[in-house]
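To start, I am sharing the structure in question, which I have written as structure tokens.
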Amino acid sequence: MDTNQGRVYFALDGDNFDPDEVTKFIGIEPTSIMRKGSKAGGKLPKKSSWTVSTENVVNEYIDVFDMATEIINVLKPKKDLIIQAIAKFKVKPRLEVVLWFSVNEEHSTPAIGFETETVSFLGEIGAFIDIDTYKH
């Protein structure tokens with residue numbers, strides 16, 4: 001691939017919870033779910049997860065600021081329910097950034113950062129940020 005690619009997602013991860021119950025509890029339809037021990041892409045997941053994700057963006061310019069804000073805007077109205085779900089289902093909240101960098105030197109590298117509102121929301125719910133980067 002000759003251009004940058006990326007996505008941002010929010011996940012609730014844990015050992016023994018039913019992602020469908022999280023969906024009912026929070027009232028947000030996830031982009032995807034995984035169940036511990038079920039075949040997913042040929043692998044057995046070690047944890048269950050409930051995920052809300054942006055679309056995968058393929059572009060010369062990737063803006064993590066905007067993608068993270070998009071996810072937080074979906075979650076903010078349900079903040080109290082998310083905090084309750086973290087305790088009830090014993091899950092860990094995570095904001096994940098996944099980026100593939102073009103090796104084409106004419107392309108800019110992705111803008112990686114987070115708005116104050118995003119950082120505040122993640123702090124309030126006890127989430128951490130993980131950034132994975134890859135070269136094409």
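List, largest first, the extents of the alpha carbons of the stretch 63-120 along their principal axes, each in whole Å.
Largest first, the stretch 63-120 extends 48, 21, 15 Å along its Cα principal axes.
Measure up K39/K92; K43/K88; K90/K135; K36/K135 against 24 Å on the Cα-Cα distance and list the ones that go over.
Details: K39/K92 22 Å; K43/K88 27 Å; K90/K135 35 Å; K36/K135 29 Å.
Cα-Cα > 24 Å for K43/K88; K90/K135; K36/K135; rest within.
Now for a separate question. Which order do V97, V8, V103 fall in if you start with the one that has the fewest other Cβ atoms within 10 Å?
V103, V97, V8
Roughly how many nanometres apart are two label points built 7 Å out from the Cα toward the Cβ at D2 and K43?
3.1
Mind listing which chymotrypsin sites (Phe, Trp or Tyr not before Pro) in the stretch 43-136 are in a DSSP loop and have 12 or fewer other Cβ atoms within 10 Å? Provide the component values of the computation, followed by the final result.
Details: sites: W50, Y61, F65, F89, W100, F101, F114, F121, F128, Y134; in loops: Y61, F114.
Sparse-neighbourhood loop chymotrypsin sites (Phe, Trp or Tyr not before Pro): Y61.
With the cut-off at 22 Å, report for the stretch 19-136 the share of all Cα pairs above it, as a whole percent. Walk me through the numbers before you get to the answer.
Numbers: 2827 of 6903 pairs.
Across the stretch 19-136, Cα pairs with separations above 22 Å total 41 percent.
Between 0 and 90 degrees, rounded to the nearest ten: what's the tilt of helix 116-125 against the longest Cα principal axis of the chain?
Helix 116-125 sits roughly 30 degrees off the main axis of the chain.
For the stretch 14-68, which trypsin sites (Lys or Arg not before Pro) are in a loop by DSSP, counting at most 13 other Cβ atoms within 10 Å?
On the way: sites: K24, R35, K36, K39, K43, K46, K47; in loops: R35, K36, K39, K46, K47.
Counting only loop positions with at most 13 other Cβ atoms within 10 Å, the trypsin sites (Lys or Arg not before Pro) in the stretch 14-68 are K39, K46.
Please rank D18, D63, fewest neighbouring Cβ atoms within 10 Å first, as an exposure proxy.
Fewest-to-most Cβ neighbours within 10 Å comes out as D18, D63.
Right, here's the next one. Using only Cα atoms and rounding to the nearest 10 degrees, what angle (0 to 90) does helix 64-75 make with the longest principal axis of the chain?
20
FRET efficiency for Y134 and F25, Cβ-Cβ distance as r, R0 = 30 Å, nearest 0.05?
That pair, Y134 with F25, gives E of 0.35.
OK, next. Give me the one-decimal Kirkwood hydrodynamic radius in Å for the stretch 1-54, with the sum taken over alpha-carbon pairs.
12.2
Any idea what angle helix 79-89 forms with the longest principal axis of the chain, computed on alpha-carbon atoms, 0 to 90 degrees, nearest 10?
Rounded to the nearest ten degrees, it is 60.
While we're here: Based on the Cβ-Cβ distance from D15 to V119, what FRET efficiency comes out when R0 is 25 Å, to the nearest 0.05?
The formula returns an efficiency of 0.35 here.
Quick note: the coordinates plus some simple rules give every number you see, no bench work behind them. Here the structure is a predicted model, which means the values were calculated and not measured. Heads up, the Cβs are rebuilt from the backbone with ideal geometry, glycines too, and the neighbour counts pull from every protein chain shown.
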